[in-house]
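Accompanying notes for the structure given below.
The values are calculated or read from the model by the stated rules, or taken from the named source; none is laboratory data. Note that the structure is a prediction, hence the values are computed from the model and not measured. Neighbour counts run over all protein chains shown; Cβ positions are idealised from the backbone, glycine included. Remember, those area values only see protein heavy atoms, side chains included, never the ligands or the DNA or RNA. Shrake-Rupley method; radii C 1.70, N 1.55, O 1.52, S 1.80 Å.
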Amino acid sequence: MLSKTIEDAINAQVNAEFWSAYLYLSMAQNFEADGKSGIANWFKVQFKEEQAHAEIFMNYINQRGGRVILQPIEAVETEWATPLDAFKATLVHEQKVTAMINNLYAMAEAEHDYATREMLNWFISEQVEEEESAQQLIDKFTLIGNDGMGIYMLDQELAARVYNVPSPLATAE
Ligand code: MG
């Protein structure tokens, strides 16, 4: 059984993951409108991943006899002038999510809730990847600057990204 404190904190995390999904979906729409469908694709995959993160947390709450409470999702920004701006915003956001996950981990440790700590381990590694991939794209877009050909090629590259079901969901079935 989850403590009320941990249950509330994971419910808050569910909301944060859906907010992340909404943010990346908004970025996808921004670039779709801007004719950069590869970048839009990258953010659509990101959108699906964030929904999966929320689902992992919801499954966990139910598994531990808790109750998932869905809260309203706050509005997100709708415009980013350049891909570089969007990937910079992505990194800042993911750093915030990492801090939230770390905070949850610390709460679980304080309560000797080892099952929650174990569940969070996957997210700890996932956040390392999230921050790394945002940073790599910041580096690439910084490198090409306003070069149209470079942006075109990078857009093609990002069109190839495909969504893979995260392992906690793949094994939970
Ligand atoms: Mg996430």
*asked:* Quick query: amide H of G66 versus all other amide H atoms, modeled in the peptide plane; which residues come in under 5 Å with a sequence gap of 5 or more or a different chain?
replied: L2
*Which of the residue pairs K4/K48; K36/K140; K36/K96; K96/K140 have a Cα-Cα distance greater than 19 Å in the structure shown?*
K4/K48; K36/K96; K96/K140
*Among A40, Q51, S133, pick out the residue whose Cα is farthest towards the positive end of the charge dipole of the stretch 29-160, where Lys and Arg carry +1 and Asp and Glu carry -1 on C-beta, about the Cα centre.*
Q51
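So, with +1 on the Cβ of K and R and -1 on the Cβ of D and E, and no other charges, what is the size of the charge dipole of the chain about its Cα centre, to the nearest 20 debye?
It works out to roughly 260 debye.
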_Listed residues A81, G145, T5: farthest to the positive end of the dipole of the stretch 4-167 (Cβ charges)_ = T5
*P(r) of the chain over all Cα-Cα pairs, binned every 10 Å from zero, in whole percent*: 10, 37, 31, 16, 6, 1
*Estimated vicinal HN-Hα couplings, Hz - the stretch 155-168 in sequence order (Karplus 6.51, -1.76, 1.60; Gly, Pro = x)*: 4, 4, 4, 6, 5, 7, 5, 10, 7, 10, 4, x, 4, x
_Distance histogram in 5 Å bins (all Cα pairs of the stretch 58-97, percent per bin)_ = 6, 17, 13, 16, 14, 12, 12, 7, 3
_Cα gyration tensor shape of the stretch 1-99, rounded if a/c is under 1.5, else prolate or oblate by comparing a/b with b/c_ = prolate
*Using θ = phi - 60° and the Karplus relation 6.51 cos²θ - 1.76 cosθ + 1.60, list the HN-Hα couplings for the stretch 61-72 in order, rounded to whole Hz, with x at every Gly or Pro.*
4, 5, 4, 8, x, x, 10, 6, 10, 8, 10, x
*asked:* Using only DSSP helix segments of four residues or longer, with each worth -39500 (n - 2.57), what per-residue ellipticity at 222 nm results for the chain after dividing by its residue count and rounding to 500?
replied: -27000 deg cm²/dmol
_Out of the total accessible area of the chain (probe 1.4 Å, heavy atoms of protein only), what percent is carbon and sulfur?_
54 percent
*Please calculate how many Å² of accessible area the chain carries per residue, with a 1.4 Å probe and no DNA, RNA or ligand atoms counted.*
53 Å²
*Which net charge results for the neighbourhood of I101, defined as the other residues with beta-carbon distances under 12 angstrom from its beta-carbon, given Lys and Arg at +1 and Asp and Glu at -1?*
-3
*Name the residue, out of N59, N146, N15, whose mean-square fluctuation peaks in a Gaussian network model built on the chain with Cα pairs under 10 Å.*
N146
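For R117, what charge total do you get from the other residues with a beta carbon under 13 Å from its beta carbon, if Lys and Arg give +1 and Asp and Glu give -1?
Charge balance in the 13 Å sphere: -3.
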*Around D147, what is the net charge, scoring Lys/Arg as +1 and Asp/Glu as -1 over all other residues with Cβ under 15 Å from its Cβ?*
-1
*Under 12 Å from a label point 7 Å along Cα→Cβ of Y152: give me every residue in the stretch 22-39 with its amide N that close.*
none
